[in-house]
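One structure is given below, encoded as structure tokens.
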Amino acid sequence: MNFLTINHVDHTYFSKQTATPALQNINLSIEKGEFISFLGPSGCGKTTLLSIIAGLFPPTAGTVLLEGQPVLSRDELSIGYMLQQDYLFPWKTIGQNITLGLKLLKHDKEASLSTAMKLLQDVGLPGVEHQYPRELSGGMRQRAALARTLAVDPKILLLDEPFSALDYQTKLKLEDLVSETLKAYGKTAVLVTHDIGESIAMSDRIYLFAAHPGRIHKVFEVPNELRLLTPFQARNHPSYSSLFQTIWKELESLEHSYTA
Ligand SMILES: Nc1ncnc2c1ncn2[C@@H]1O[C@H](COP(=O)(O)OP(=O)(O)OP(=O)(O)O)[C@@H](O)[C@H]1O
């Protein structure tokens, strides 16, 4: 059985006057521990599909199963998010932000705090548990957001452009940290990005979407020699540039097909 299975998913947004077809016949499956990316032009349905995987709303047609169960029937904490903004509560300390989900799950306070300390260590932020989000840089806050996400031990992480608001150097460092941490914790992840390089450097497989309506245009397996490296190392490998160019050309041909 696949870990996550998406079968014949269509989605159309309806309003009083219009129907906007956002996704058409999406089929894919992900194994446990895999890291995949959704890449594609604006409006191709990446965020819509991520929201459907999260169980935020049902697709117009088709099914999404996580470990064989419909995602809509799962409890919210089995799915973790990292978004462009960190959404840490500004009035709570970093430690309180990280333990919040555990509190909701009624975990023991002492054990929750030690989980938070271990996670902060793992994301390179030891000793910040008593600080407030405003005292941390953007990159540090995203690390704290990763620790908060991992605290409740979600089955799958949905990453919606989590690095896009960061400066370039911080983004590269965060890519390495997220990749290493998710591997160490054996997590399955889906990344939505506009960045070809990021998708190659971080993923096992890339789904390139086309728009109007959103659909899977092509699937690229990232070669093994890149997957064994950290994202930063992968960016400097010759296989990276050749895959980058292949995907770049595909994206260009998609754009030409819209403007032709
Ligand atoms: N709530 C909504 N109501 C109506 N139409 C919507 C809604 N959300 C998205 N759409 C439309 O559905 C299509 C897919 O949008 P979606 O945001 O999923 O694409 P995307 O690939 O994530 O775009 P971007 O990369 O710009 O974030 C677009 O045509 C968009 O205008």
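The numbers here are math on the coordinates, done by the rules we state, and not lab data. Everything numeric here is computed off the predicted structure, so don't read it as measured data. A quick note on method: Cβ atoms are made from the backbone with ideal geometry, for glycine too, and the neighbour counts reach across all protein chains shown.
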* Which entries of Lys118/Lys183; Lys46/Lys173; Lys46/Lys187 show an alpha-carbon separation above 18 angstrom in the structure shown? -> Lys46/Lys173; Lys46/Lys187
* To do: Convert each backbone phi in region 218-224 into a coupling constant with the Karplus relation 6.51 cos²θ - 1.76 cosθ + 1.60 (shift: θ = phi - 60°), then list the ³J(HN,Hα) values in order as whole Hz, x for Gly and Pro.
  => 8, 10, 10, 7, 7, x, 3
* Highest average packing first - 187-198, 10-21, 159-170, Cβ atoms within 10 Å -> 187-198, 159-170, 10-21
* Structure fact -> Once amide hydrogens are built 1.01 Å from N within the peptide plane, the residues lying 5 or more places from Tyr13 or on another chain with amide H under 5 Å from its amide H are Thr20, Ala22
* Asked: For the pair His256 and Tyr132, how long in nm is the line joining their label points, each one 7 Å along Cα→Cβ?
  -> 5.5
* Of Lys106, Lys155, Lys173, which has the largest mean-square fluctuation in a 10 Å C-alpha GNM of the chain? -> Lys106
* Among Ser241, Tyr168, Gly55, flag the residue with its Cα farthest along the positive direction of the charge dipole of the chain, charges on Cβ as +1 for Lys/Arg and -1 for Asp/Glu. => Gly55
* Structure fact -> Result row for the chain, helices from DSSP H with C-alpha axial extent 15 Å or more and mean Kyte hydropathy at least 0.0, is 94-104
* How far is it, in nm, from the label point at Ala61 to the one at Glu225 when both lie 7 Å from their Cα along the line to the Cβ? -> 4.3
* Asked: Got a sec? Which residues in region 180-195 would a label at Phe232 touch, if it sits 7 Å along Cα→Cβ and we count backbone N under 13 Å?
  -> 180
* **All aspartates and glutamates inside 17 Å of Lys171 as judged from Cα atoms, apart from same-chain residues fewer than 8 positions distant** => Asp86, Asp160, Glu161, Glu180, Asp195, Glu198
* **Evaluated at q = 0.08, 0.09, 0.11 Å⁻¹: base-10 log I(q)/I(0), Debye formula over Cα of the chain** => -0.33, -0.42, -0.63
* To do: Please work out how much length the chain gains when fully extended from Ser29 to Glu110, using 0.36 nm per residue of separation minus the C-alpha to C-alpha distance, in nm with one decimal.
  => 25.3 nm
* With θ set to phi - 60° and the Karplus curve 6.51 cos²θ - 1.76 cosθ + 1.60, what are the ³J(HN,Hα) couplings of region 60-70 in order, to the nearest whole Hz, using x for Gly and Pro? -> 5, 8, x, 9, 10, 10, 10, 6, x, 10, x
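Restricting to Cα pairs below 8 Å that are 6+ residues apart, what does the relative contact order work out to for region 119-260? Please round to a whole percent.
Working: 140 pairs, mean separation 25.4, N = 142.
Value for region 119-260: 18 percent.
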* Near the amide H of Leu191, under 5 Å away, which other amide H atoms are found, from residues 5 or more places off or on another chain, if H is placed in the peptide plane? -> Ile36, Ser37, Phe38, Leu159
* Determine ³J(HN,Hα), in whole Hz, for all residues of region 123-128 in sequence, where each value follows from phi through the Karplus function 6.51 cos²θ - 1.76 cosθ + 1.60 and θ = phi - 60°; x replaces Gly and Pro. => 9, x, 10, x, x, 9
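Would you please give the FRET efficiency between Tyr13 and Tyr168, computed as 1/(1 + (r/R0)^6) with r the Cβ-Cβ distance and R0 = 35 Å, to the nearest 0.05?
Efficiency at R0 = 35 Å is approximately 0.55.
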